[in-house]
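Okay, structure first, notes after.
What follows is calculated from the coordinates using simple rules that are stated; it is not laboratory data. Every value quoted in this text rests on a predicted model; they were computed, and no experiment measured them. Virtual Cβ from ideal backbone geometry, glycine too; neighbours counted across all protein chains shown.
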Amino acid sequence: LTIDGILDCVQVASESGSSLAGLAIPELKNTAACMNFVPDEANNLDPKKLVEVIYKFVQRLFEKQKCLVASIGRIHVAVLPALQGLLDKNCLPGKR
């Protein structure tokens, strides 16, 4: 890669990362709704309680395979164009 190529890769990666970050919270909300997940406590969480909420969320997610598969599908659809952009600019190692 040239310096220009590296800068192009950094730009594509940062734009993709920004776009994907904006999808994270809506995806968590969609997944929580699919699982009917409502934490026992959602206000004033100390670090220990936050970890407990995350643990219960992940535990429930793996129990509800339909929701897990749907979430993976939505994430795949969102991530694929970002990865394709990096591949198109030869930013990722692999066959060229």
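Test of understanding: what is the full-extension gain from SER19 to ALA33, defined as 0.36 nm times their sequence separation minus their Cα-Cα distance?
2.8 nm
Mind checking which of SER19, ALA42, TYR55 is farthest towards the positive end of the range 14-61's charge dipole, using Cβ charges of +1 (Lys, Arg) and -1 (Asp, Glu) about the Cα centre?
Farthest towards the positive pole: TYR55.
How large is the helix-only mean residue ellipticity at 222 nm for the chain, computed as the sum of -39500 (n - 2.57) over DSSP H runs with n ≥ 4, divided by its residue count, in deg cm²/dmol to the nearest 500?
Per the formula, -27500 deg cm²/dmol.
Within straight cross-link reach of LYS29, meaning Cα distance under 30 Å, which lysines are found once same-chain residues fewer than 8 apart are removed?
LYS29 reaches LYS48, LYS49, LYS56, LYS64, LYS66.
Can you tell me the dipole magnitude for the range 3-88 around its Cα centre, using point charges on the Cβ only (Lys, Arg +1; Asp, Glu -1), in Debye to the nearest 20?
Numbers: 8 positive and 10 negative charges, 108 e Å.
Charge dipole of the range 3-88: 520 debye, to the nearest 20.
From Cα pairs below 8 angstrom and at least 6 apart in sequence, can you work out the relative contact order of the chain, rounded to a whole percent?
Result for the chain is 45 percent.
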